[in-house]
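Each remark here refers to the structure printed beneath this line.
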Amino acid sequence: MAHKNRLSRRVLPLLLAALFCLSGCTFGLSASVEDLMKAPLFSKEQQAIIQALDRGTRGEIKLIYPKEGAYRTPVVLFDINSDGTEEALAFYTEKDKVNVHLAVLQLQQYGDGESEWNIVFDQEGRGNQIGFVRFDHISHLSYYNILVGWNVFGESNNSLAIYGYQQGEDGEHIVEFMSREYEQFVCEDMDGDYFSELVFLSASRTEEGVKASVYKDVGRSAVEKVTEQTLDPRIVAVRKLEAGEGESGKLLYIDGLTKENLLATEVLAYQNGVLSLVQQEAVVSQSQRQKTELYSQDIDRDEKIEVPIFTADKKASLVQMRPASGYQVDWYEVGEKRFVYDRTTYENEVYKFRLTLPTQWQTGVTFESNLDNTVITCKRGDVVRFSILRLPRDESAQSYQSSGFEKIGSSGNYIYYCKPQEDSNRESILNVVKSGFSILN
């Protein structure tokens, strides 16, 4: 019994210490279950920043994590003003309050070699959740701007706020340059001047239609709207906005739903400060597809966006095919005056992979799934060319590999294998499949 008591005395402090560490998201006396499960690990510098924030706010605070993007921690280090020393961004809520604050801290160096983090900007944000935080050159200073996506739990509206340094009579200060609600936006250097423009799609369809607007720095540290364009009236709701390289500059690709619940693509160009539609009638008409999750995208990683085009017979076949059998898509690049065919792919949303088909395979080739949807078979006529197998990582593939299956890729919990049917063309078929195989996001 004495041995058990000694063990309890040793283990209990360790358990309490572990719980204390796990509650690192909340400062003060209370810690939620959600906080206890997060188990944040902060660096020594981040801990110093959090302590400075706790001193500066003089109250219980809770650190808040961005939901998306490259920066997923509540304390972000970044050299905003390009002076060689990183500033710190911190996101938090105050006790008994909902909205998230953005605080910016700078490291103050003292003559005795000591240093201390101090809050230089602290402002309540525009929501109780942080969608993302990122950095970009928008204002015509050599400094970075802070872009924060705010949203409110349970609401669909998103708000983007732009922060950055502004020169005043008594020096530089961080201010909020602008904020705006949006449905979709991109931040890209659209005109090649080394500063990014902001392109917004309206959060709701007006009587005139969905509008795209471009905002940029117009001087005086002001970011204002410089041009806008109304989309094709057939597009009533926006799904995705993306920028890609065009023949003479960046193009904007907008995927949106029509009244008939088809997905269509609109392409816009931004040249000489003006937004304009590119081949409006042709692009919107020819790109309409029943697969409302099949977006325009850079499928060959050449920084150009390809638009999926279906012929009438392919549209009809989408309804008839079993989902696991997949479907074929023709992809086109959009030029200023014409469509340029790029490639044909086989898409399988159940197995989550894409296969680029060589020219000789694009006619007379079909794909079938077996009854339990474990194998996809490619046929030309009645002749099997190859089979693709997807297995969970924890399932042995030894028996399949011994029968001729070879690994071609992996994603998440799955590994993909291919087996050419013709031994005489085994290597050539494997090379074609491996080079054309990719994972669907």
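Figures for the structure shown
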read-out: Residue, surrounded by the fewest Cβ atoms within 10 Å (Cβ to Cβ), within the range 46-91, restricted to residues that are within 18 Å of PHE121 (Cβ to Cβ) and among the aromatic types (Phe, Trp, Tyr); value: PHE78
read-out: Index of the failed condition, ASN373 passing every other in (1) over 19 Å from GLY409 (Cβ atoms); (2) assigned to a loop (DSSP other than H, G, I, E, B); value: (1)
read-out: Filter result for GLY404 (assigned to a loop (DSSP other than H, G, I, E, B) and either aromatic (Phe, Trp, Tyr) or within 28 Å of THR363 (Cα to Cα) (or both)); value: yes
read-out: Test: TYR110 is surrounded by 17 or more Cβ atoms within 10 Å (Cβ to Cβ) and either of a type in the set (Ser, Thr, Tyr) or in the same structural domain as VAL214 (by TED's automatic domain parsing) (or both); value: no
read-out: Counted residues, the range 175-203 - those being acidic (Asp, Glu), in contact (Cβ under 8 Å) with a residue 12 or more places away in the chain and over 23 Å from HIS101 (Cα atoms); value: 4
read-out: Residue count for the range 411-425, restricted to those that are more than 24 Å from the chain's Cα centre (by Cα) and surrounded by fewer than 16 Cβ atoms within 10 Å (Cβ to Cβ); value: 4
read-out: Within the range 380-393, considering residues that are over 30 Å from the mean Cα position of the chain (by Cα) and modelled with pLDDT of 90 or more, the one surrounded by the fewest Cβ atoms within 10 Å (Cβ to Cβ); value: VAL384
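Yes/no matrix, rows are residues, columns are (1) β-branched (Val, Ile, Thr); (2) in a strand (DSSP E or B):
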| site | (1), (2) |
| --- | --- |
| VAL104 | yes, yes |
| VAL120 | yes, yes |
| ARG126 | no, no |
| HIS140 | no, no |
| VAL148 | yes, yes |
| GLU176 | no, yes |
| ARG180 | no, yes |
| MET190 | no, no |
| TYR194 | no, no |
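The values are calculated or read from the model by the stated rules, or taken from the named source; none is laboratory data. Note that the structure is a prediction, hence the values are computed from the model and not measured. Reconstructed Cβ throughout: ideal geometry from the backbone, glycine too, with neighbour counts over all protein chains shown.
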